[in-house]
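For reference, the structure is listed below as structure tokens.
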Amino acid sequence: MATRKIDVETITRVEGEGALRLKVRDGQLEDVQLNIYEPPRFFEAFLRGRSYTEPPDITARICGICPVAYQMSSCHAIEAACGVKVGEPIRTIRRLLYCGEWIESHVLHVAFLHAPDFLGYMDAIRMAADHGAVVQLALKMKKTGNKLVTIVGGREIHPINVRVGGFYKAPSKKDLRALLDPLKEAADGAEAMLRWAKPLDYPDFDRPYELVCVKHPDEYPFNEGRVVSTGGIDIDPSQYDDVFEERHVEHSNALHSVVKARGHYLTGPLARFVLCYDQLTPRAKAAAAAAGLTPAVRNPFLTIMIRCVETLYAIEEAIRIIEAYEEPDRPYEDVPPRAGKGYGCTEAPRGMLCHHYTLDSDGTILDAEIIPPTSQNLASMEDDIRAFAGPRLGLPDAELAMKCEHAIRNHDPCISCATHFLKLEVDRQ
Amino acid sequence: MTVAARAKPKLAVWKFASCDGCQLSVLDCEDELLAIAGAIDIANFAEATTAVVRGPYDLSLVEGSVTTEHDRERIHEIRRQSKVLVTIGACATAGGIQALRNFKDVKEFTSIVYASPQYISTLDTSTPMSDHVKVDFELRGCPISKVQLVEVISAYLAGRRPGISAESVCMECKVRGTVCIMVSQGKPCMGPVTHAGCNALCPSFDRPCFGCFGPKETPNAKSFVQWTSERQGMSGQNLVRLFRTFNANAPEFKEGAELAEGVK
């Protein structure tokens with residue numbers, strides 16, 4: 001019996017820690033497991049008994065890469081539990097903050113985590129020796145995204161200005177307007193990055209995903225909308241438990257989410273681009289078309305280009321918001337506590353992030369449930385590896401491992417988030 | 001490899017239980033990143049690179065807290081391989097927010113988050129690196145300050161101690177000229193007991209400090225508890241929550257929470 005064993009102990013250039021294990025028996029791929037060994041941190045447990053005002057600060061600490069997503073999902077869920085709908089101008093400032101996080105997170109992933117895979121470098125710093133212009137461009141764009149988060153949120157990692165009901169202090173018109181020139185430059189940068197990414201070598205790898213995201217009738221989704229899918233799901237976030245569930249599997253410290261009726265699904269840039277294409281700006285659509293991207297796309301390797309399109313969108317949206325911005329009289333709305341359960345689903349850069357809170361009448365949190373994008377995507381990532389590695393088992397172990405890691409990084413997994421992820425191990429027997 | 005390239009000091013970044021935010025601060029040094037990469041050899045940094053250079057390392061930056069048996073052993077191995085070991089952030093310095101488990105029953109925690117708790121292996125506590133190994137410098141904050149991170153790296157490259165003050169957030173408010181929230185608005189602000197380093201960010205956003213940099217050197221927790229409870233009407237329960245958030249396991253904040261538990 002032919003036996004073969006390959007190990008990728010630490011999947012690098014992802015956020016957090018995990019491993020991938022492949023079992024090969026007689027040349028056939030028998031099992032694929034994404035093994036999340038990032039230790040559990042028990043956020044949902046210690047949120048119990050805390051005040052309803054605390055989740056924006058506490059849940060931000062789940063992830064240093066997308067803290068804004070945690071702050072936005074928690075605010076929306078708590079406000080829903082308290083029966084408060086926060087309107088203008090606060091909802092627009094929230095969108096602006098989210099634009100900043102999308103720009104810095106997407107650019108980081110495109111240039112620093114994903115691009116080295118296509119070009120065969122160990123990292124962006126080594127890539128910079130041959131592709132200096134694109135790395136410099138990315139650093140500049142990322143800085144602009146971070147600057148936006150800092151002006152609106154106070155700092156780029158774990159912003160301090162977000163509260164249930166809105167913000168502690170409204171950003172000043174002067175500070176925001178100073179960002180217009182760097183943002184306009186970054187918009188050209190996003191197009192340049194997309195043109196740079198277009199000729200990269202993309203494997204043919206269309207996948208039959210059920211794609212899921214938040215969809216809003218008028219806007220590309222950040223904070224608000226219904227939860228929709230390519231499989232016909234169209235629900236209010238409050239109906240989440242009717243359609244989705246989380247399952248705990250042995251090899252992982254992360255939970256796997258599934259569509260109850262059908263199983264695995266995928267959330268993230270591919271889902272948003274396919275389902276919300278119509279809500280993109282004309283310039284973002286034109287850039288996508290020039291890169292050959294249409295809503296029929298299903299190849300996860302192309303997400304590097306989709307992230308460039310979404311970056312362009314977020315930059316244009318930020319410019320639009322800043323040009324029309326007037327400082328509000330009061331940066332927050334009062335949210336008095338009441339007993340009830342609230343649901344919030346918003347779009348983190350890497351996918352849909354759902355929070356559910358059950359509150360007591362005095363605002364004490366009785367129960368909290370947090371469903372990060374990476375745990376929703378884990379099962380689909382394993383499916384991808386099964387489909388991708390199967391025909392490539394003839395490759396030497398090291399090359400196979402590298403290609404599998406690339407296929408995982410397509411989804412910009414955030415393992416820190418999912419443990420509430422990565423090492424490759426191939427066991428060939 | 002040339003002699004000059006080999007002579008560059010080797011930097012390693014290590015991760016334990018954490019959110020990745022503090023190590024992301026390295027990648028967030030957009031203006032300095034390529035300069036840092038030019039001055040030092042980034043020898044081990046899984047979030048940023050697949051390349052791994054073997055130890056020993058001249059400078060190790062450690063993020064995260066110890067929460068598993070494996071991690072308890074790993075930090076000793078990292079210490080053996082590191083000339084200088086610096087903790088980055090509240091998790092590595094004080095156990096982080098996950099240290100809230102230290103005050104609860106972890107079995108109950110596991111059953112709340114996971115349907116099949118038998119699949120999860122974890123320690124009952126989240127502890128800082130200083131509980132396990134000698135730490136050369138502790139960089140505070142949840143997250144750390146980028147400016148302080150660049151200072152720490154520069155200082156160790158130059159062979160000097162980092163120029164980082166252990167005073168309170170109050171001093172930073174005074175330097176910035178931010179009006180005191182505690183005095184002018186009567187709101188309980190943790191500035192007087194909290195370590196500087198954020199440049200008094202929250203008060204400048206009209207928000208009381210919530211202690212994310214952990215305790216300053218020799219804080220007077222007793223006086224803080226008295227002031228906020230007697231003069232500002234803070235309940236014991238709310239005061240306990242203030243101390244038990246991002247630096248719950250830091251000794252001075254532990255003491256503060258215990259004092260607050262005595263407040264009616």
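What follows is calculated from the coordinates using simple rules that are stated; it is not laboratory data. Values in this document were obtained by computation on a predicted structure and should not be read as measured data. We place every Cβ from the backbone using ideal geometry, glycine too, and count neighbours over all the protein chains shown.
Run the dipole for the protein assembly as shown about the Cα centre, Lys and Arg Cβ at +1, Asp and Glu Cβ at -1, nothing else charged, and hand back the magnitude in debye, nearest 20. Write out the running numbers ahead of the final one.
On the way: 79 positive and 91 negative charges, 231 e Å.
The calculation lands at about 1120 debye.
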Calculated [θ] (222 nm, deg cm²/dmol) that DSSP helices of n ≥ 4 give over chain A, each run adding -39,500 (n - 2.57): -12500 deg cm²/dmol
Positive dipole terminus of the protein assembly as shown, leading residue within B:V169, A:F112, A:G145 (C-beta point charges): B:V169
The long-range amide H neighbours of B:D41, using H built 1.01 Å from N in the peptide plane and a cut-off of under 5 Å, are B:K10, B:L11
Quick one: helix B:251-261 against the long Cα principal axis of chain B, what's the angle to the nearest 10°, folded into 0 to 90? 20 degrees
If you average the sequence gap of Cα pairs under 8 Å that are 6 or more apart and divide by the length of segment A:43-392, what percent do you get for the contact order? 27 percent
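So, in segment B:3-158, how many Lys pairs have Cα atoms under 19 Å apart, if the pair is 8 or more places apart or on different chains?
Working: B:K8/B:K83; B:K10/B:K83; B:K15/B:K83; B:K15/B:K134; B:K15/B:K146; B:K83/B:K134.
Final tally of qualifying lysine pairs is 6.
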Given H placed on each backbone N at 1.01 Å, which residues far from A:Y332 in sequence or on other chains put an amide H within less than 5 Å of it? A:F167
Reduced to Cα centres, the span from segment A:230-304 to segment B:128-159 in Å works out to 40 Å
Under a straight-distance cross-link criterion of Cα-Cα below 22 Å, which lysines are reachable from A:K174, leaving out those fewer than 8 residues away in the same chain? A:K140, A:K142, A:K143, A:K147, A:K184
Between the alpha-carbon centers of segment B:1-75 and segment A:35-109, tell me the distance in whole angstrom. 28 Å
Karplus-derived 3J(HN,Hα), 6.51/-1.76/1.60, for each residue of segment A:125-141, Hz, glycine and proline x: 5, 5, 4, 4, 4, 9, 10, x, 4, 6, 5, 4, 4, 4, 4, 5, 5
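Calculated from DSSP H runs of 4 or more alone, at -39500 (n - 2.57) each and per residue, what is the 222 nm mean residue ellipticity of chain B, nearest 500? Write down the numbers at each step before the final one.
Working: 13 runs with 98 residues, N = 264.
Taking each H run of at least 4 residues, the total per residue is -9500 deg cm²/dmol.
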For segment A:149-157, 3J(HN,Hα) per residue [Karplus equation, 6.51 cos²θ - 1.76 cosθ + 1.60, θ = phi - 60°, Hz, x = Gly/Pro]: 4, 5, 5, 7, x, x, 7, 6, 9
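Could you work out the relative contact order of segment A:210-329, using alpha carbon pairs under 8 angstrom and six or more residues apart, expressed as a whole percent? Walk me through the numbers before you get to the answer.
Numbers: 140 pairs, mean separation 26.9, N = 120.
It rounds to 22 percent for segment A:210-329.
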Where labels lie 7 Å past Cα in the beta-carbon direction, separation of B:E230 and B:K107 in nm: 4.3 nm
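Using the Cα centre as the reference, give the magnitude of the dipole from point charges on the C-beta atoms of segment A:286-328 (Lys, Arg: +1; Asp, Glu: -1; all else neutral), rounded to the nearest 20 debye. Intermediate results must be reported in sequence, preceding the final value.
Numbers: 3 positive and 6 negative charges, 92 e Å.
So the dipole magnitude of segment A:286-328 works out to roughly 440 debye.
If you place +1 on the Cβ of every Lys and Arg, -1 on the Cβ of every Asp and Glu, and leave all else neutral, what size is the dipole of segment B:3-158 about its Cα centre, to the nearest 20 Debye?
440 debye
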Just name one of B:V86, B:F205, A:A19: the one whose Cα is farthest towards the positive end of the charge dipole of the protein assembly as shown (beta-carbon charges, Lys/Arg +1, Asp/Glu -1). B:V86
Once both labels are modelled 7 Å past Cα along the beta-carbon direction, what's the B:E69-A:I321 spacing in nm? 4.8 nm
For segment A:259-388, max minus min Cα coordinate along each principal axis, in Å, sorted largest first? 53, 45, 19
Determine one quarter of the surface area of the Cα convex hull of the protein assembly as shown, which equals its mean projected area, and express it in nm² to one decimal. 28.6 nm²
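Which whole number gives the average count of other chain Cβ atoms within 10 Å of the Cβ atoms across peptide A:151-163? List each step's numbers first, then the result.
Numbers: counts 0, 0, 1, 6, 10, 6, 14, 7, 2, 9, 5, 0, 1.
Whole-number average of other-chain Cβ neighbours for A:151-163 is 5.
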Least to most buried among A:V84, A:V107, by other C-beta atoms within 10 Å and fewest first, runs A:V84, A:V107
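May I ask you to derive the relative contact order of segment B:1-115, considering only C-alpha pairs under 8 Å and at least 6 residues apart, and to give it as an integer percent?
On the way: 147 pairs, mean separation 33.1, N = 115.
Answer for segment B:1-115 is 29 percent.
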Select from A:V84, A:T358, B:A17 the residue farthest towards the positive end of the dipole of the protein assembly as shown; place +1 on Cβ of Lys and Arg, -1 on Cβ of Asp and Glu, and compute about the Cα centre. B:A17
For segment A:112-121, Karplus-derived ³J(HN,Hα) couplings (6.51, -1.76, 1.60; θ = phi - 60°; whole Hz; x for glycine and proline) come out as 9, 9, 9, 4, x, 4, 6, 9, x, 9
Could you please rank B:S229, B:S130, B:S184, placing first whichever residue has the fewest other Cβ atoms within 10 Å of its Cβ? B:S184, B:S130, B:S229
